[in-house]
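What follows is a set of notes on a single structure, which appears directly below.
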Amino acid sequence: QVQVVESGGGLVQPGGSLKLTCAASGSSFSIYLMGWYRQAPGKQRELVATITMGSSTTYRDSVKGRFTISRNNAEKQMYLEMNSLKPEDTAVYYCKAHYLGKDYWGQGTQVTVSS
């Protein structure tokens, strides 16, 4: 069983920065495909960024150049560094681990971008 827990959300002004952390359990973290998703009120959950076991990354267009996904396999953690935040980035951010054909989700962490 894999468990993931997000942290680091909060309230930030437009143009500000936040760093989210996803802590995962399990001895095979290094081979998990990891991703960050977000869901704004009244909208569907959307993919923000992914990172493979080899640290190859993908980003949705609207966050390219502003967000950086990374992972530390020794610490079993994944990160999302968010810069130049915009009000439209406001959402609950979720961490997902994909392992042996199954997806494991965290409970989410709220990010609110507002002045």
Anything in the stretch 7-33 that is farther than 16 Å from Met82 by Cβ and in contact (Cβ under 8 Å) with a residue 12 or more places away in the chain? List them, or say none. Ala23, Ala24, Ser25, Gly26, Ser28, Phe29, Ser30, Ile31, Tyr32, Leu33
Filtering the stretch 46-80 down to residues that are assigned to a strand (DSSP E or B), open to solvent by 50 Å² or more (accessible area, probe 1.4 Å) and not polar (S, T, N, Q) yields Glu46, Leu47, Tyr59
Among residues of the stretch 81-103 being of a type in the set (A, V, I, L, M, F, W, C) and buried (at least 17 other Cβ atoms within 10 Å of the Cβ), the residue farthest from Pro14 (Cα to Cα) is Ala97
Just checking, does the stretch 11-18 include any residue being surrounded by 14 or more Cβ atoms within 10 Å (Cβ to Cβ), of a type in the set (A, V, I, L, M, F, W, C) and farther than 14 Å from Gly106 by Cα? yes
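The values are calculated or read from the model by the stated rules, or taken from the named source; none is laboratory data. Nothing here was measured: the structure is a model prediction, and the numbers come from that model. Backbone-built Cβ (ideal geometry, glycine too); neighbour counts: all protein chains shown. These accessible areas exclude ligands, DNA and RNA; they are computed on the full protein's heavy atoms, side chains included. Shrake-Rupley method; radii C 1.70, N 1.55, O 1.52, S 1.80 Å.
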